[in-house]
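So the structure is just underneath, and the comments pick up after that.
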Amino acid sequence: MKEIKIESTFFVYNCLEDLPKDVLLLMKEANLARKNAYAPYSKFKVGAAILLDNKEIVTGNNQENASYPSGLCAERTAIYYAGSQFPEAKVLKIAIVAGSQKKLTNKPVPPCGACRQAIAEYEINQNTPIEIYFMGETGKVVKSNSLANLLPLVFDKSEL
Ligand code: THU
């Protein structure tokens with residue numbers, strides 16, 4: 001038996017204003033998208049904004065459904081839209097803002113496991129890392145230099 005250790009590194013920005021200019025803009029777009037989330041059941045609204053290498057910014061938000069599992073997270077809404085509209089473009093950065101309407105969300109909210117798996121597909125296909133930035137409604141922003149950091153031991157197409 002042998003032990004394997006996997007390390008991930010994250011970077012924490014104390015506030016929005018500390019972000020690089022392009023990321024601040026992306027975060028603002030994510031926050032705008034968040035306002036249009038359809039989240040009547042969870043009251044938890046999420047917005048995502050994606051910067052592509054063709055300079056396009058694509059946004060999305062969570063879309064819930066009376067049949068709960070039929071809903072979709074913001075990150076997947078956004079990345080599937082990007083994939084459908086700009087299939088040749090690479091995803092450079094994703095900014096995510098999440099917050100509850102029932103209480104103040106002042107700590108960074110990372111993407112769920114299913115969204116990590118979805119983003120991994122794009123990162124692996126394009127063969128370049130995707131930067132992920134996530135935050136609550138207010139407070140610190142966490143940056144991951146790649147999706148791989150957030151999803152060690154990924155299941156991917158090489159298994160098929
Ligand atoms: N949600 C997202 O949009 N992204 C995530 O990464 C986590 C969860 C949404 C799904 C659902 O509409 C609500 O937040 C509560 O789970």
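Values quoted throughout were computed directly from the atomic coordinates according to the rules given, and no laboratory measurement underlies them. Computed from a predicted model, the values in this text were never measured in an experiment. In this analysis, Cβ positions are derived from the backbone assuming ideal geometry, glycine residues included, and neighbour counts consider all displayed protein chains.
Residue-normalised convex hull volume from the C-alpha trace of the chain: 143 Å³ per residue. A simple charge model with +1 on the Cβ of Lys and Arg, -1 on the Cβ of Asp and Glu and nothing else charged puts the dipole of segment 1-47 at about 320 debye relative to its Cα centre. With R₀ set to 22 Å, the beta-carbon distance separating Ala114 from Lys21 gives a calculated FRET efficiency near 0.10.
Expressed in nm to one decimal, what extension gain is obtained for the pair Ser42 and Gln85 from 0.36 nm per residue of sequence separation less their Cα-Cα distance? Walk me through the intermediate numbers first.
On the way: separation 43, 0.36 × 43 = 15.48 nm, distance 2.89 nm.
Residue separation times 0.36 nm, minus the Cα-Cα distance, leaves 12.6 nm.
Selection among Leu147, Leu25, Thr105 by position relative to the dipole of segment 21-152 gives Thr105 as farthest towards the positive end (Cβ unit charges, Cα centre). With the simple model of a label 7 Å out from the Cα in the direction of the Cβ, Glu121 to Glu7 spans 3.3 nm.
For a 24 Å ceiling on Cα separation, which of these pairs sit above it: Lys43/Lys140; Lys55/Lys140; Lys5/Lys143; Lys28/Lys107; Lys45/Lys107; Lys45/Lys90?
Numbers: Lys43/Lys140 22 Å; Lys55/Lys140 26 Å; Lys5/Lys143 21 Å; Lys28/Lys107 17 Å; Lys45/Lys107 14 Å; Lys45/Lys90 26 Å.
Beyond 24 Å between Cα atoms: Lys55/Lys140; Lys45/Lys90.
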